[in-house]
Amino acid sequence: PIDVLEGDVAWITGASSGIGEHIALALAQAGVRLVLSARRKAELDRVKQKCIEIGRNLKDEDILVLPLDVTDYDCHQECFDRVIDHFGTLDILINNAGRSQRADWEKIELSVDKQMFDLNVFGVVALSRIAVRYFLEKGGGHIAVTSSLAGVFGVPFSGTYDGTKHAIHGYFNGLLAEKIGKNIHVTLLCPGPTFSNFLAESFTDTAGEKYGQPVRPTDRRMTGERCGKLCAVAIANRQREAWMGLFPLMPLV
Ligand code: NDP
């Protein structure tokens, strides 16, 4: 079902590892032209090579590596212009970059709360606004966001992260209500626990204290590959909200 996207241009943030990398690979297999963004250029180059190897009819110029710190809001317009200069169009923006820092609800520091909101919320808001303006002029477009099941439920030791992801749902529900009939599509991707760098980091608070269970290879979490494929299918189907991997959440709580 992802084949319907063949030839489209999709811009993925957080494409240098984890879920973003695997969304990129799944879309490449379906012949989607890609913009890969994150801070680590060497990792983006690695993902680009993999995409070309497994991609459907993708040549070097069909994948643009565009390093970007999503919290550097001032450079978003310049990056967007580079995408349009390169491909002449953008069909889908996939806001996937994000992080979590777990801590006791009453102990987490305000500076850490702010860092999570800067990346998981304002990074998405700032980039999406530029894309939506363009989509409205163009006659339509599609925004996807890697939210989380934590954007739907509350998870212990995760209040701020849950707050960032819930905020994203409200923000895009507002957009859809306002732009009804304008051919703007939104997909809120809501994975459950998935193996990636993210979980290893997210179980330690700033004081180095660990929360929840450590990540073990035997845990019932989705692989990044499975999660990436499910996300790509949800995007291809323009599904408004896609929950995935609910079952593996149970050992966490
Ligand atoms: P990873 O840590 O593997 O990936 C995070 C990605 O975000 C990396 O590519 C990282 O690249 C990028 N990133 C981080 N900070 C920035 C920044 N300031 N600017 C640009 N890119 C940035 O974790 P996941 O793949 O797990 O996380 C991806 C998304 O999935 C997140 O939004 C997360 O909230 C969500 N999610 C994860 C779940 C899980 O269990 N793993 C479950 C549900 C949702 P770089 O360091 O190169 O910048």
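All of the numbers you see were taken from the coordinates with simple rules; none came from a lab. Model, not experiment: these values are computed from the prediction. So basically every Cβ, Gly included, is an ideal-geometry build from the backbone, and we count neighbours across all protein chains shown.
How long is the gain from Thr89 to Arg240 if the chain were fully straight, where each residue apart is worth 0.36 nm and the alpha carbon distance is subtracted?
Residue separation times 0.36 nm, minus the Cα-Cα distance, leaves 52.1 nm.
For q values of 0.22, 0.23, 0.26, 0.29 Å⁻¹, compute log₁₀ I(q)/I(0) with the Debye formula on a Cα-only model of region 140-205, without solvent.
-0.92, -0.98, -1.14, -1.29
Among DSSP beta bridges whose residues both lie in the chain, state the antiparallel percentage, nearest 5.
5
Quick one: 3J(HN,Hα) in Hz for region 47-59, Karplus 6.51/-1.76/1.60 with θ = phi - 60°, rounded, Gly and Pro as x.
Taking θ as phi minus 60°, the curve returns 5, 4, 4, 4, 4, 5, 4, 9, x, 8, 6, 9, 9 Hz for region 47-59.
Over the Cα atoms of region 1-123, how large are the radius of gyration and the largest Cα-Cα distance (Dmax), in Å?
For region 1-123, the Cα-based Rg and Dmax read 15.6, 52 Å.
Over region 77-212, with a single point scatterer placed on each C-alpha, what log10 of the ratio I(q)/I(0) does the Debye formula yield at q = 0.20 1/Å?
-1.13
Taking the Cβ of each residue in Val121, Val112, Val70, Val32 as the centre, tally the other Cβ atoms inside 10 Å and list the residues starting with the fewest.
Ascending number of Cβ neighbours within 10 Å: Val112, Val121, Val70, Val32.
May I ask you to compute the full-extension gain from Val152 to Trp105, defined as 0.36 nm times their residue separation minus their alpha-carbon distance, rounded to one decimal in nm?
My answer for the length gained is 15.1 nm.
Show me the ranking of peptides 220-227, 158-165, 236-243 by mean Cβ neighbours inside 10 Å, starting with the highest.
158-165, 220-227, 236-243
Could you pull out every residue, at least 5 positions away or on a different chain, whose amide H is within less than 5 Å of the one on Ile94? Hs are placed 1.01 Å off N in the peptide plane, and Pro or chain starts have none.
Those lying under 5 Å, H to H, from Ile94 are Trp11, Ile12, Thr13, Ala144.
Based on C-alpha coordinates, I'd like the Rg and Dmax of region 2-245, in Å.
Looking at region 2-245, its Cα Rg and Dmax stand at 17.1, 52 Å.
What is region 2-245's relative contact order, in percent, from Cα pairs under 8 angstrom and six or more apart in sequence?
22
Could you list His22, His169, His142 in order of exposure, starting from the residue whose Cβ has the fewest other Cβ atoms within 10 Å?
His169, His142, His22
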